[in-house]
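Report on the structure given below.
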Amino acid sequence: MENGLTHTRHPGPDRCVFAVDGHAGTATVTRLAATPGVIDVLTAPGDQWLSARRVRPRTTRVDVGFGVEVGGDAFVVAAGPCAVESQAVLNDITSVVALGGASILRGGAFKPRSHPASFQGLGAEGLALLARQREITAIPVVTEVLDPRHVAAVAESADILQIGARNMHNFELLKEAGRSGRPVLLKRGLAATVDEWFGAAEYVLRTGNPHVILCERGIRTFEPATRFTLDLGAVAVAKRRGHLPVLVDPSHATGRRELVRPLALAAAAAGADGLLLDVHTAPETARCDGAQALTATDFDRLMADLRPLLRALGRPLASDTRVLAEGNPT
Ligand code: PEP
Ligand code: MN
């Protein structure tokens, strides 16, 4: 481009966005705006172009495979163990969440633990167990990737790459995850502002990968009554400011299972596009985060409470629409 300007092209379902870097003078802007096919030229909305709702007015729908979409009309629940522990336990948990209303299976194979002596996850073996569940149950899988060198392997076994809160600022990991082309679930850093969270999303989007899902999981505040402070205000801000779908993780935010239900319902009411939940069939034996895991009964109860709320909000639960679609060929 002229005047030392550089641009990248980002196709989308309704419009193609060109992000131009560098300083464009008024004459260039006027000429671009008059070019046939150009809907709008937006100048100086900050450096976070691609995630802005100003740039793409409609919420991005992220197709995560197996007919599941995040950011569409339906509310999506991703649920499963914090960490993948064994095939038997994962089988049990997958049955509970898949039958109970989840559309996505979560489970960590690589765990970002605060202490090196804590269980670090099963690694490659955990990925294989997740891939097996995906095959048997036909459910998309989300799992965390900690290291750029693992992106290819994780992208092969999982449908969504999770970037954990502790890695939100790991820009090389963000770029590598983006380049995989897989949907990326981007957790908000535990001390990150909304601006920094969107900046991280921009790193992924700029690789040409538009499939980014944001996830609010609580931030560190002065309040120790919950593990983190779930920032539902940030969810409302993110939905207005950006076009990316937003999930909420009330499990990691609260750290306590009895607080998951009220905050899960509040997240739906605040406009979240779905939930990320820790569920375990034997939380007392869980190798990671057992205190925040919902039991099978808790999970079923939460889904039972969520359905009428979603009805009132005019949003079906994704797993219900999927069953309807399969059961009704017309
Ligand atoms: C997780 O979801 O397993 C996790 C470690 O979450 P966070 O990165 O939000 O702490
Ligand atoms: Mn956890």
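Things worth noting here:
- Residue among Ala24, Ala52, Ala88 that is over 30 Å from Arg257 (Cβ atoms) and free of Cβ contacts under 8 Å to residues at least 24 places away in the same chain: Ala24
- Gly199 vs. criteria in contact (Cβ under 8 Å) with a residue 24 or more places away in the chain, among the small types (Gly, Ala, Ser), in contact with a His (Cβ under 7 Å, 6 or more places away or on another chain) and assigned by TED's automatic domain parsing to the domain that holds His243: no
- A single entry from Ala165, Ala155 fulfils the requirement of being among the small types (Gly, Ala, Ser), touching a helix residue (DSSP H, G or I) at 6+ places or on another chain (Cβ under 9 Å) and away from ligand 2 (no atom under 16 Å from the Cβ): Ala155.
- The residue that is nearest to Ala272 (Cα to Cα), counting only those in segment 181-197 that are within 16 Å of ligand 2 (Cβ to nearest atom) and part of a loop (DSSP other than H, G, I, E, B), is Arg188.
- Looking at Arg179, Arg227, Arg256, Arg217, just one residue is touching an Asp or Glu at 6+ places or on another chain (Cβ under 7 Å) and modelled with pLDDT of 95 or more, and that residue is Arg217.
- Thr193 of a type in the set (Val, Ile, Thr), over 16 Å from Leu263 (Cβ atoms) and surrounded by fewer than 17 Cβ atoms within 10 Å (Cβ to Cβ): yes
- Those strands (runs of 3 or more DSSP E) lying entirely in segment 62-180 with at least 1 residues open to solvent by 60 Å² or more (accessible area, probe 1.4 Å): 62-65, 68-70
- Qualifying position, being assigned by TED's automatic domain parsing to the domain that holds Asp320 and within 14 Å of ligand 1 (Cβ to nearest atom), among Gly100, Gly107: Gly107
- Of the criteria (1) part of a helix (DSSP H, G or I); (2) within 16 Å of ligand 2 (Cβ to nearest atom); (3) crowded, with 24+ Cβ neighbours inside 10 Å; (4) not hydroxyl-bearing (Ser, Thr, Tyr), which one Ala291 fails: (3)
- Residue pairs whose Cβ atoms lie under 7 Å apart, separated by 6 or more positions or on different chains, with the first residue in segment 271-288 and assigned by TED's automatic domain parsing to the domain that holds Arg217 and the second within 11 Å of ligand 2 (Cβ to nearest atom) and open to solvent by 30 Å² or more (accessible area, probe 1.4 Å), are Asp278/Asp289; Arg287/Phe119; Cys288/Phe119.
- Qualifying positions in segment 1-17 - under 21 Å from Arg53 (Cα atoms), modelled with pLDDT under 85, in a strand (DSSP E or B) and open to solvent by 60 Å² or more (accessible area, probe 1.4 Å): His7
- Flag for Leu317 being in contact with a helix residue (DSSP H, G or I) (Cβ under 9 Å, 6 or more places away or on another chain), within 25 Å of Val246 (Cα to Cα) and surrounded by 15 or more Cβ atoms within 10 Å (Cβ to Cβ): yes
- Matching entry among Arg61, Arg106 (being within 16 Å of ligand 2 (Cβ to nearest atom) and touching a residue at least 24 places away in the same chain (Cβ under 8 Å)): Arg106
- Just one of the listed residues (Pro262, Pro283, Pro245) is away from ligand 1 (no atom under 15 Å from the Cβ) and either over 15 Å from the mean Cα position of the chain (by Cα) or of a type in the set (Phe, Trp, Tyr) (or both), namely Pro262.
- Cβ separations smaller than 6 Å between residues 6+ apart or across chains give the following pairs from segment 235-246 residues that are within 11 Å of Val194 (Cα to Cα) to residues that are among the charged types (D, E, K, R) and open to solvent by less than 40 Å² (accessible area, probe 1.4 Å): Val235/Glu216.
The values are calculated or read from the model by the stated rules, or taken from the named source; none is laboratory data. Remember, it's a predicted structure, so these values are computed and weren't measured experimentally. Methodologically, a virtual Cβ is constructed for each residue, glycine included, from the backbone with ideal geometry; neighbour enumeration extends over all protein chains shown. Note: areas computed on protein heavy atoms with side chains; ligands, DNA, RNA excluded. Shrake-Rupley method; radii C 1.70, N 1.55, O 1.52, S 1.80 Å.
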